Amino acid sequence: MANTCAGCNALENPDLPRVTLLSGQEVTTWCECWRAECADRDIDVQRVLALPDREARQTYLAAYGQDRGPAALERLKQAILHTHALRKRQREEAEAAAAGASAA
């Protein structure tokens, strides 16, 4: 059986760049799974994180899950957690750099 990229068989082409999804699955940058994850991360995640409070985020996520199904909702939640952790790490690094610069 061929090594497939979520059914698109693009992994059989050694010239296509590979990426790892948040789920850990390796796909190519030509795969629909990668496009969907990028859209989730770059569009929907920003929209959710910009909402004013937890209640608004939960309401949005419930509607999102109704519209796109549980798999898409879980993928979005993973992307939100990943982005939130990345932003937190970047904020902490910036604060540490600022503290180091002011101490010098």
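Any idea which of (1) in a helix (DSSP H, G or I); (2) free of Cβ contacts under 8 Å to residues at least 60 places away in the same chain is the one H82 doesn't satisfy?
Looking at each condition in turn, H82 falls short on (2).
List every residue pair whose Cβ atoms sit under 6 Å apart, with the two residues 6 or more apart in sequence or on different chains, where the first one lies in segment 1-19 and is outside any loop (DSSP other than H, G, I, E, B) and the second, anywhere, is hydrophobic (A, V, I, L, M, F, W, C) and modelled with pLDDT of 70 or more.
From segment 1-19, the pairs are A10/L16; A10/W30; A10/C31; V19/W34.
Identify, please: which residue in segment 46-75 is at pLDDT 90 or above and within 11 Å of the chain's Cα centre (by Cα) and is, among those, surrounded by the most Cβ atoms within 10 Å (Cβ to Cβ)?
Once the filter is applied, the top-ranked residue is E74.
Could you check segment 6-28 and list, in sequence order, the residues that are more than 24 Å from L73 (Cβ to Cβ) and loosely packed, with under 14 Cβ neighbours inside 10 Å?
Within segment 6-28, N9, E12, N13, P14, D15, P17 meet the criteria.
Identify all residues within segment 43-55 that are out of contact with any helix residue (DSSP H, G or I) (no Cβ under 9 Å at 6 or more places or on another chain) and assigned to a helix (DSSP H, G or I); write none if there are none.
I43, R54, E55
May I ask you to list the residues in segment 22-47 that are among the charged types (D, E, K, R) and either in contact with a Cys (Cβ under 6 Å, 6 or more places away or on another chain) or under 15 Å from H82 (Cβ atoms) (or both)?
Matches in segment 22-47: E37, D40, R41, D42, D44.
The values are calculated or read from the model by the stated rules, or taken from the named source; none is laboratory data. As the structure is a computational prediction, the values presented were derived from the model and not from experiment. Cβ coordinates were reconstructed from backbone atoms using ideal geometry, including for glycine residues, and neighbour counts include every protein chain displayed.
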